[in-house]
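Structure, as structure tokens:
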Amino acid sequence: MSLWAEHLGVLEDCFCQPETLECMRKVNSIAKTNWQIYAAEEHKEMTGHLMQYPIQVNKDGSPDEEQKTVRI
């Protein structure tokens with residue numbers, strides 16, 4: 001559980017079963033929110049440091065053409 005707390009900044013009951021869809025959705029939600037905070041103009045404190053980098057990858061491994069421009 002300390003790994004979850006370190007990377008996500010929170011502990012949730014669903015983290016006890018990381019293979020569940022509920023856990024995956026929670027982790028993805030936190031990671032997406034952290035990316036939005038990181039990429040925002042206004043400085044805000046993130047909860048943890050795991051971020052969902054906003055690139056979509058096609059089945060063949062190539063980046064989605066619409067996703068090529070990412071502002072960091």
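Can you tell me which residues in region 16-46 are open to solvent by less than 100 Å² (accessible area, probe 1.4 Å) and in a loop (DSSP other than H, G, I, E, B)?
Pro18, Thr20, Ala40, Met46
Looking at region 47-59, is at least one residue open to solvent by 100 Å² or more (accessible area, probe 1.4 Å) and among the hydroxyl-bearing types (Ser, Thr, Tyr)?
yes
Identify, please: which residue in region 60-72 is of a type in the set (D, E, K, R), in a loop (DSSP other than H, G, I, E, B) and surrounded by fewer than 10 Cβ atoms within 10 Å (Cβ to Cβ) and is, among those, modelled with the lowest pLDDT?
Lys68
The values are calculated or read from the model by the stated rules, or taken from the named source; none is laboratory data. Since the model is a prediction, treat every value here as computed from it, not as a measurement. In this analysis, Cβ positions are derived from the backbone assuming ideal geometry, glycine residues included, and neighbour counts consider all displayed protein chains. Heavy atoms of the whole protein, side chains included, go into the accessibility calculation; ligands, DNA and RNA do not. Shrake-Rupley method; radii C 1.70, N 1.55, O 1.52, S 1.80 Å.
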